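S.K.: Below is the structure I would like to discuss, written out as structure tokens.
Please treat every number below as a calculation from the coordinates, not as lab data. Source: prediction; values computed, not measured. All Cβ positions, glycine included, derive from the backbone under ideal geometry; neighbour counts span all protein chains shown.
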Amino acid sequence: MNQNWKEQLYEPMGELLSVHNIGYDEELISIQDVNLHYTGQAGKKITALENINFNIYRGEFICVIGPSGCGKSTLLKILAGFIKPSTGKVELDGKKIEGVDWHRGVVFQNPPLYEWLTVRKNISFGPKMRGIPKAEYEELTDQYLEKVGLTEFADKRIYELSGGMKQRVSIARTLINDPEVLLMDEPFGALDALTRENVQDMTRKIWWDTNKTILFITHDVEEALLLGSRVIVLSKHPGRVIEDIPVNFSRRIIEENAKDIKFTEEFYKYRERLLRRIHEQTA
Ligand SMILES: Nc1ncnc2c1ncn2[C@@H]1O[C@H](COP(=O)(O)OP(=O)(O)O)[C@@H](O)[C@H]1O
Ligand SMILES: [Mg+2]
């Protein structure tokens with residue numbers, strides 16, 4: 001581990017921190033000189049993202065935070081292939097990201113599920129559509145039902161579920177396609193505190209057990225610190241990367257069963273630094 005990174009963390013703010021995230025060496029996605037302009041009312045140019053440059057390494061759990069309207073969802077939409085950068089390029093495994101495909105799975109705050117179908121049918125939908133034989137996708141569905149803790153609810157219909165359960169379905173339905181990267185846009189933003197903690201714990205465990213690469217957008221600093229292996233902060237509109245730091249609370253929660261880590265001084269320091277960084281932006 002880079003000896004200096006913790007000291008660097010407490011250096012005066014103002015400069016961009018970017019420290020190599022030790023242990024993650026295999027580049028998966030590269031984002032180079034990306035700018036994104038929308039056309040607003042009366043043809044006015046709106047710059048949503050400005051000069052974004054960073055790589056995503058296989059197995060990282062990147063949390064992106066930043067004030068509302070700073071371009072977080074725009075960044076995710078570019079990675080998903082929903083929209084193209086105005087300039088710059090985005091590549092996955094050295095290939096330009098063009099259009100939507102199941103190699104990049106997306107989980108939204110309000111998951112688009114088939115309300116009238118059962119949990120099981122929603123989860124098996126992807127592999128079924130891709131022509132995977134029935135016995136195989138049924139077996140896979142059982143595995144993913146278990147991973148997200150929904151085995152007992154397999155035959156319930158979506159409209160019968162709570163918000164937290166719907167998010168579990170959405171995550172299983174995405175993961176079953178074995179995407180290279182899981183893109184999550186404030187997935188737990190609408191859930192109550194307790195449910196939220198449960199799905200956070202589940203997401204962390206899935207990340208740990210499957211080594212999936214995750215890019216997770218949140219406006220909640222604590223959530224970012226409790227889940228991520230790296231936290232990226234975007235400036236207020238137009239979004240630029242103003243902070244990029246490795247964190248290990250999530251790993252320690254798993255490896256050391258450090259359930260109370262969020263009450264430690266170290267955690268407060270990170271939290272304070274990131275909060276200050278965001279508040280500077282909104283002041
Ligand atoms: N389709 C669009 N047309 C014009 N402006 C947009 C569009 N989508 C987003 N924007 C603007 O781009 C900026 C970034 O939006 P967004 O990525 O949704 O931010 P965030 O997810 O961080 O809240 C905002 O100022 C928003 O108003
Ligand atoms: Mg958003």
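S.K.: State the extension gain, in nm to one decimal, for the chain segment bounded by residue 103 and residue 272, taking 0.36 nm per residue of separation less the distance between their alpha-carbons. Before the final figure, lay out each step's value.
M.R.: Details: separation 169, 0.36 × 169 = 60.84 nm, distance 3.58 nm.
Difference between extended and current length: 57.3 nm.
S.K.: Take the Cα of residue 209, step 7 Å along the line toward its Cβ, and report every residue of segment 161-178 whose backbone nitrogen sits under 16 Å from that point.
M.R.: Residues 168-178 qualify, since their backbone N sits under 16 Å from the label point.
S.K.: Assigning unit charges at the beta carbon (Lys, Arg +1; Asp, Glu -1) and nothing else, what dipole magnitude in debye, to the nearest 20, does segment 180-283 show about its Cα centre?
M.R.: I would put it at about 260 debye.
S.K.: Going by average Cβ neighbours within 10 Å, how do the peptides 137-148, 267-278 rank, with the highest at the top?
M.R.: Those peptides, ordered most packed to least, come out 137-148, 267-278.
S.K.: What does the extension gain come out to for residue 93 and residue 129, with contour length at 0.36 nm per residue minus their alpha carbon separation?
M.R.: Full-extension gain reported as 10.5 nm.
S.K.: What is the set of long-range amide H partners of residue 217 at a cut-off below 5 Å, with H atoms built 1.01 Å from backbone N?
M.R.: Placed amide hydrogens put 64, 184, 185, 186 under 5 Å from residue 217.
S.K.: Hey, another quick one. On each of the three principal axes of the Cα atoms of the chain, give max minus min coordinate, whole Å, ordered largest first.
M.R.: Largest to smallest, the principal-axis extents are 56, 50, 34 Å.
S.K.: Beyond 25 Å, what share of the Cα-Cα pairs of segment 102-224 remains, rounded to the nearest whole percent?
M.R.: Numbers: 1220 of 7503 pairs.
Percent of Cα pairs beyond 25 Å in segment 102-224: 16.
S.K.: Roughly how many debye, to the nearest 20, is the charge dipole of the chain about its Cα centre, given +1 on each Lys and Arg Cβ, -1 on each Asp and Glu Cβ, and no other charges?
M.R.: 840
S.K.: Okay, moving on. With equal scatterers on the alpha carbons only and no solvent term, can you work out the Debye log10 of I(q)/I(0) for segment 17-162 at 0.13, 0.18, 0.19 1/Å?
M.R.: Scattering profile of segment 17-162, log10 relative to I(0): -0.81, -1.13, -1.17.
S.K.: Taking every eigenvalue of the Cα gyration tensor of segment 170-276, multiplying by 5 and rooting it, what semi-axes result, largest first, whole Å?
M.R.: 21, 18, 14
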